[in-house]
Amino acid sequence: MKYIFPTCLGATFLLAGNLVFAQPAPVAAETPDHVYLPKELIERYPADSIKSNEVAERAVEEVNKTRADIEARFVADQKACYKVFFTTSCLDKIKEQRRLDLVSIKPIELEANSYIRHAKVDERDRRLAEKNAQNAAKAAANADKPVDERTAKDGPGAAEEAQRKARAEAYAKRNAEYAEKQRLLKENEAADAQKRAENVQRYEEKVRAAEEKQKEIARKKAEKANVPAAKP
């Protein structure tokens, strides 16, 4: 009987050791099927490709839809990360991917909104210029009408002439303001184009940095996998 207890105890430790070594290997975070959701959107709207208000409005709609898809994928990937062994590493990876995706579609949204804003300003200025031209034409037509000498002597003709002069001065002033607005608009467009180019460059640098980071993580995991396990 004195050998039964040590024998059972040894069998228990052996069974426990087998259970420890029988645990499944850590499972890496699953890569989503469609990692780069904005890729097609970026290819469809490269920098300075938005040339009409219709295209700009459609680009804004597609950006909003892509942003919603990115968020939906992030929520789904979060749930998947909680089922794997390296949960923290998995969450860090999908958070970084979500950030890069959102950054990549931002230049498209900026360019589209800028075009829509400038188109509204152009339309307003065009209508104002048409109205000013109509007023100037009416003033010119009135100036060509003969003025009765008696009426001019009494004063109404002089008042009408003063009104025509005031309208002409106002028209010239509005034209000068319109020309100044056009100049400022062109300067803003040049600044926006430069800003978009800088955003694209920063995004490409971030993508390269993220790729290098992922490669470094993969290299470290491979090195850890090659390290022999400690003897029990």
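Can you say whether E54 is part of a helix (DSSP H, G or I) and either closer than 21 Å to N199 by Cβ or of a type in the set (F, W, Y) (or both), as far as the supplied structure shows? No, not satisfied.
Can you tell me which residue in region 190-219 is farthest from the chain's Cα centre (by Cα), limited to those that are of a type in the set (K, R) and farther than 21 Å from I42 by Cα? Before the answer, list the steps.
Step one: of region 190-219, the residues of a type in the set (K, R) are 195-196, 202, 206, 208, 213, 215, 219.
Still in the running and farther than 21 Å from I42 by Cα: 213, 215, 219.
On the way: K213: 23, K215: 27, R219: 32 Å.
Here the residue is R219.
Within region 117-126, if we keep just the residues that are surrounded by fewer than 16 Cβ atoms within 10 Å (Cβ to Cβ) and within 30 Å of E204 (Cβ to Cβ), the residue that is modelled with the lowest pLDDT turns out to be A119.
Here are some residues: A218, A222, A209, A152. Which one is at pLDDT below 75, assigned to a helix (DSSP H, G or I), over 30 Å from R124 (Cα atoms) and among the hydrophobic types (A, V, I, L, M, F, W, C)? Only one candidate qualifies: A152. Whenever a residue of region 86-108 is closer than 19 Å to K224 by Cβ and in a helix (DSSP H, G or I), its partners that are modelled with pLDDT under 90 and of a type in the set (S, T, N, Q), lying with C-beta atoms within less than 8 angstrom and at least six residues away or across chains, give the pairs K93/Q214. Of the residues S114, S52, which is under 30 Å from N175 (Cβ atoms) and exposed (fewer than 12 other Cβ atoms within 10 Å of the Cβ)? S52 is the lone residue from the list that is under 30 Å from N175 (Cβ atoms) and exposed (fewer than 12 other Cβ atoms within 10 Å of the Cβ).
Just checking, which of A133, A129, A139, A76 is free of Cβ contacts under 8 Å to residues at least 60 places away in the same chain, surrounded by 16 or more Cβ atoms within 10 Å (Cβ to Cβ) and among the small types (G, A, S)?
A139
The values are calculated or read from the model by the stated rules, or taken from the named source; none is laboratory data. Because the structure is predicted, anything quoted here is derived from the model rather than measured. Positions of Cβ are backbone-derived with ideal geometry, glycine not excepted, and every protein chain shown enters the neighbour counts.
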